[in-house]
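*Asks:* Quick one: the structure is below, questions incoming.
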Amino acid sequence: MEPTRIAKIMAARGICSRREAEALIAKGWVYVQGDKITEPGTRIMPDAEITLDKRANIALGKKITVLLHKPVGIVSSQPEKGYTPAVSLIIPENQYEKNRENLILPTDDLSGLAPAGRLDIDSHGLLVFTQDGVLARKLIGNDTKIDKEYLIRFSGNLTKDKLRRLNHGLALDGKELKSAQVTLQNENQLKFILWEGKKRQIRRMCKLVGLTVHQLKRTRIGNIMLADLPYRKWRILRKDESF
């Protein structure tokens, strides 16, 4: 085994993201084999014992994750000329919370929220923003095991062979797609369950088999459902919830 940067090891173990690790190290809140580490570039053995100051655990525990019902016409991440970014909707007056104990307070910090995934401008449904780098990696990393569920309205002639190809047998950008679960819900509605998220993937898949998507809604990410979260509203991921 070769010594590796401590921040990389902490991220690989799921302790925190690399950026968060570097910040904790700079504060002197990280220990290796009982010794305080203060240089983010420090290299350690991959099997070394890493412990955190209790202040680090408190800081990591305060990270907020937000669930937003993204509307049509809003872009998911980087602002585009003439379009509103979804993060701009995460303001106190748009919060939806049945349990008033989970309402954002003036002292809560919503800075640093980043989208963990995307949803194209013509689609609506569940979109996740988080301050937790480890969670973001879990949701959108290349090796993610978390599935995402969508309901679409379509037009066109859907045959058994086309449905079979939607489940497995299509390629985009010169690369074969992972197997999906695509089922017919009624005469013009399909449910897609995917384990990957290429740009406009469902619309492009449907186009390959001669179908046109008229409406697309993401209803679930892992164990988290969109449920009754209203259009344009957001809520905080509760402590008893996980993807």
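The values are calculated or read from the model by the stated rules, or taken from the named source; none is laboratory data. Everything numeric in this text was worked out from a predicted model, so none of it was measured. When we count neighbours, we look across all protein chains shown, and the Cβ atoms used for this are built from the backbone with ideal geometry, even at glycine.
*Asks:* Against the definition (in contact with a strand residue (DSSP E or B) (Cβ under 7 Å, 6 or more places away or on another chain) and without any contact (Cβ under 8 Å) to a residue 60 or more places away in the chain), how does residue 177 come out, yes or no?
*Replies:* The answer is yes for residue 177.
*Asks:* Is one or more of the residues making up the stretch 14-22 among the acidic types (Asp, Glu), at negative phi and part of a helix (DSSP H, G or I)?
*Replies:* For the stretch 14-22, residues among the acidic types (Asp, Glu), at negative phi and part of a helix (DSSP H, G or I): present.
*Asks:* Considering only the stretch 39-61, I want to know if a residue exists there that is of a type in the set (Ser, Thr, Tyr) and at pLDDT 90 or above.
*Replies:* yes
*Asks:* Can you name the condition, by its number, that residue 11 falls short on among (1) farther than 20 Å from residue 111 by Cα; (2) surrounded by fewer than 18 Cβ atoms within 10 Å (Cβ to Cβ); (3) out of contact with any strand residue (DSSP E or B) (no Cβ under 9 Å at 6 or more places or on another chain); (4) of a type outside the set (Asp, Glu)?
*Replies:* Here residue 11 clears every test but (2).
*Asks:* Still on this model: Only one residue in 58, 74, 64, 44 is surrounded by 15 or more Cβ atoms within 10 Å (Cβ to Cβ) and closer than 24 Å to residue 5 by Cα, so which one is that?
*Replies:* That would be 44, the only listed residue that is surrounded by 15 or more Cβ atoms within 10 Å (Cβ to Cβ) and closer than 24 Å to residue 5 by Cα.
*Asks:* What number of residues within the stretch 27-41 are assigned to a strand (DSSP E or B) and either surrounded by 13 or more Cβ atoms within 10 Å (Cβ to Cβ) or touching a Ser or Thr at 6+ places or on another chain (Cβ under 7 Å) (or both)?
*Replies:* 4
*Asks:* Which one of 109, 122 is in contact with a Lys or Arg (Cβ under 9 Å, 6 or more places away or on another chain), assigned to a loop (DSSP other than H, G, I, E, B), modelled with pLDDT under 90 and exposed (fewer than 14 other Cβ atoms within 10 Å of the Cβ)?
*Replies:* Answer to the selection: 109.
*Asks:* Here's something else I'd like to know. Scan the stretch 205-224 residue by residue and report those that are surrounded by 14 or more Cβ atoms within 10 Å (Cβ to Cβ), not in a loop (DSSP other than H, G, I, E, B) and not hydroxyl-bearing (Ser, Thr, Tyr).
*Replies:* 205, 206, 208, 213, 215, 216, 217, 218, 220, 221, 224
*Asks:* Please work out if residue 160 is among the charged types (D, E, K, R), under 24 Å from residue 238 (Cβ atoms) and exposed (fewer than 14 other Cβ atoms within 10 Å of the Cβ).
*Replies:* For residue 160, the condition - among the charged types (D, E, K, R), under 24 Å from residue 238 (Cβ atoms) and exposed (fewer than 14 other Cβ atoms within 10 Å of the Cβ) - is not met.
*Asks:* Starting from residues that are of a type in the set (A, V, I, L, M, F, W, C), out of contact with any Ser or Thr (no Cβ under 8 Å at 6 or more places or on another chain) and outside any strand (DSSP E or B), keep the ones in the stretch 46-86 and report whichever is nearest to residue 199 (Cα to Cα).
*Replies:* Residue satisfying both the conditions and the ranking: 60.
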